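Below you'll find the structure, written out as structure tokens, and then a few comments.
The values are calculated or read from the model by the stated rules, or taken from the named source; none is laboratory data. This structure is a prediction, so every number in the text was calculated from the model and none was measured. FYI the Cβ positions are ideal-geometry reconstructions off the backbone, even for glycines, and counts take in every protein chain you see. Note: accessible area is taken over every heavy atom of the protein model, side chains too, but ligands, DNA and RNA are not part of it. Shrake-Rupley method; radii C 1.70, N 1.55, O 1.52, S 1.80 Å.
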Amino acid sequence: MCLAIPSKVVEIKGAVATIDVHGVRRDINITLLPEEIGIGDYVLVHAGFALQKIDREAGDDAIKLINEVLEGD
Amino acid sequence: MITESIYRDKTVVEKIIRQIRRISLKRPVKIMHVCGTHENVINRFGLRDLLPEGVEVIAGPGCPVCVCTAQDIEFAFELAMKKKAVIATFGDMINVPSSVGSLNNAKTQGADVRVVYGPFDAVRIARENPKKQVVLFAVGFETTACGVASIVQQSNLPENFSILSSHRLIPPSMEFLLGVGDLRIDGFLIPGHVVTVMGLAQYKLFPEAYRMPTIAAGFEPVDVLLGVMAAIKQINQGIAKCENVYRRAVHDKGNIKAQMAIKEVFDVVPAYWRGIGKIPRSGLRLKERCKMQDARYRFDTAETWDLGLGAGICPSPASSPQSLPLNDINPGCSCHLIMIGKIKPLDCPLFGNTCVPEAPYGPCMVSMDGTCRVWYKYKRFKI
Ligand code: SF4
């Protein structure tokens, strides 16, 4: 129950967004999100609420970091 | 652009493992995580087997369903049976045993108990059943509490809707564990989604006051391993700080809006943890001005209580932090030791015989966040 799943936003209507997790669609509430989201964004969802927008650039950074750290491997 | 699948990538996992193996440990290290989802990922991908000798990752109290007290379950049971209230709760909560049985037992005896995905579903049930009292039995850590807080902030909640809050907070339980005498921990892996909400600042205490490396990690194998590697490096260098290896979701400040929602709706109070005891400032109780939505207030006249003691009708045990509430853990079950990472499911003689997911004897065998259930699912019968 503690799972927070990154999910893709496919539709937004006011306080509610529709997300797609591996083909399954579900409506979630987005009022707790601190920033604007758009269609195609990924959000972290828990118990019907979007908790945070997934930051793709920070993700890219992390992978770059992994690669750098592991370069000499 | 990257996709989440990179965080499961076998080659990346193997590379990180090689890196970890290259670190020459000065001494064996024990890292504790406090999250059922971490325990799931670790078992599902067999990560423990990949770690070198001398690196141990143990599970702490990361299962909100497990730590919800029997008294709160009994209270919900009574509401369902005697007050004929509809009890709406999350997933595995309906199967957790108490001295009167589980909520599922109440259901088979005719009570209206429903599993909901989120707090909004409970509100919808209340709207659809205006003649019935509908109680959301809300368990969960900060990640769940902010959603519940958000619905309490709504101005148009139906009158027949109330909340039995059994919410718990993660950092106080970690601090409590550090006081458990013979449990030596060298570092913490903290759950990324909780930090996503609450931010890193409230974890600074662990490196600063306890010299504990404290790493916020996500929930894919690569995330967990990066967390473990960061912790080992700090331990080896003799330093302790908060680190975030889950940058794609965790901002250092967390989600201020969600934090505000929790603050506006809940007071932080002492709370009982099943099998563990009373932990100061570790529970969330609805504020005085939200008491019309508080099931404990609506269905009981008690003015004060510690969270976890049902409706305040149970006598408060002499409250040293170690003292356990009554009816807490069945005789022979070792969940109280599992939940603080002192023993492993394999150390319990009932694991897999008398105690199985279909007939759980203790709370840790019920929820998918419970260590015994996770080990059973992934067939970790022997190491
Ligand atoms: S296996 Fe069952 S009885 Fe043993 S500690 Fe786990 S939940 Fe309790």
| said: Treating region A:13-63 as a set of equal point scatterers at the Cα positions, no solvent, please give the Debye-formula log₁₀ I(q)/I(0) at q = 0.14, 0.23 Å⁻¹. | reply: -0.36, -0.87
| note | Result for interface chain A to chain B, accessible surface buried in total, 1.4 Å probe, Å² to 100, stands at 3400 Å²
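Chain B: longest stretch without exposed GluC sites (Glu not before Pro) (DSSP loop, at most 11 other Cβ within 10 Å), sites themselves excluded? Working shown, then result.
Numbers: sites that count: B:Glu53, B:Glu159, B:Glu303, B:Glu358.
The segment B:160-302 is the longest one with no such site.
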| query | So what are the ³J(HN,Hα) numbers for region B:233-241, from phi and the Karplus equation (6.51, -1.76, 1.60; θ = phi - 60°), rounded to whole Hz, Gly and Pro as x? | reply | 4, 4, 4, 5, 7, x, 10, 9, 8
| note | For B:Lys30 and B:Met260, extending 7 Å from Cα along the Cα-Cβ vector and measuring point to point gives, in nm, a value of 4.3 nm
| Amide H contacts under 5 Å for B:Cys35, placed H, 5+ residues apart | B:Gly60, B:Gly62
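Quick one: which of B:Lys84/B:Lys291; A:Lys53/B:Lys278; B:Lys10/B:Lys344 span more than 25 angstrom between C-alpha atoms? Don't skip to the answer; put the middle values down first.
Working: B:Lys84/B:Lys291 21 Å; A:Lys53/B:Lys278 35 Å; B:Lys10/B:Lys344 27 Å.
Violating the 25 Å Cα-Cα cut-off are A:Lys53/B:Lys278; B:Lys10/B:Lys344.
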| note | Buried by partner chains in region B:191-219 (accessible area down by at least 50 Å² vs chain alone, 1.4 Å probe, heavy atoms, protein only) are B:His193
| query | Suppose every K and R has +1 on its Cβ and every D and E has -1 on its Cβ; what is the size of the dipole of the protein assembly as shown about the Cα centre, in Debye to the nearest 20? | reply | 520 debye
| remark: Of all DSSP beta bridges having both residues in chain B, the percent classed as antiparallel (nearest 5) is 20 percent
| field | Drop in accessible area of at least 20 Å² in the complex versus isolated chain, residues of region B:120-151, 1.4 Å probe | value | B:Phe120, B:Thr143, B:Thr144, B:Cys146, B:Gly147, B:Ser150
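Quickly estimate the mean residue ellipticity at 222 nm for chain B, helices only: each DSSP H run with n ≥ 4 gives -39500 (n - 2.57), and the total goes over all residues, rounded to 500. All intermediate terms of the calculation are to be shown ahead of the outcome.
Details: 16 runs with 134 residues, N = 383.
That comes out to -9500 deg cm²/dmol.
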| When the accessible area of the protein assembly as shown is computed with all protein chains present and a 1.4 Å probe, what percentage of it is carbon and sulfur? | 52 percent
| task | Please give, to one decimal in nm, the separation of the simple spin-label points placed at B:Thr11 and B:Ser99, each 7 Å out from Cα toward the Cβ. | result | 6.0 nm
| field | 1.4 Å probe, heavy atoms, protein only - residues of region A:23-45 losing at least 50 Å² accessible area vs chain alone | value | A:Arg26, A:Leu32, A:Leu44
| request: Calculate one ³J(HN,Hα) per residue across region B:255-260 by plugging θ = phi - 60° into the Karplus curve 6.51 cos²θ - 1.76 cosθ + 1.60, and present them in order as whole Hz with x for glycine and proline. | output: 9, 4, 4, 5, 4, 4
| query | What aspartates and glutamates could a cross-link reach from B:Lys107, if we take a straight Cα to Cα line under 16 Å and drop same-chain neighbours fewer than 8 places away? | reply | B:Glu74, B:Glu78, B:Asp92
| task | Step through the table entries B:Lys30/B:Lys233; B:Lys257/B:Lys287; B:Lys15/B:Lys379, compare each Cα-Cα distance with 22 Å, and write down the pairs that go over it. | result | B:Lys15/B:Lys379
| All Cα pairs of the protein assembly as shown, percent lying beyond 31 Å | 39 percent
| remark: Square roots of five times the C-alpha gyration tensor eigenvalues of chain B, ordered largest first and given in whole Å, equal 35, 23, 20
| request: Return one whole number: the accessible area per residue of region B:23-154 in Å², for a 1.4 Å probe. | output: 33 Å²
| query | If you put +1 on each Lys and Arg Cβ and -1 on each Asp and Glu Cβ, how big is the dipole of region B:245-285 around its Cα centre, in Debye rounded to 20? | reply | 120 debye
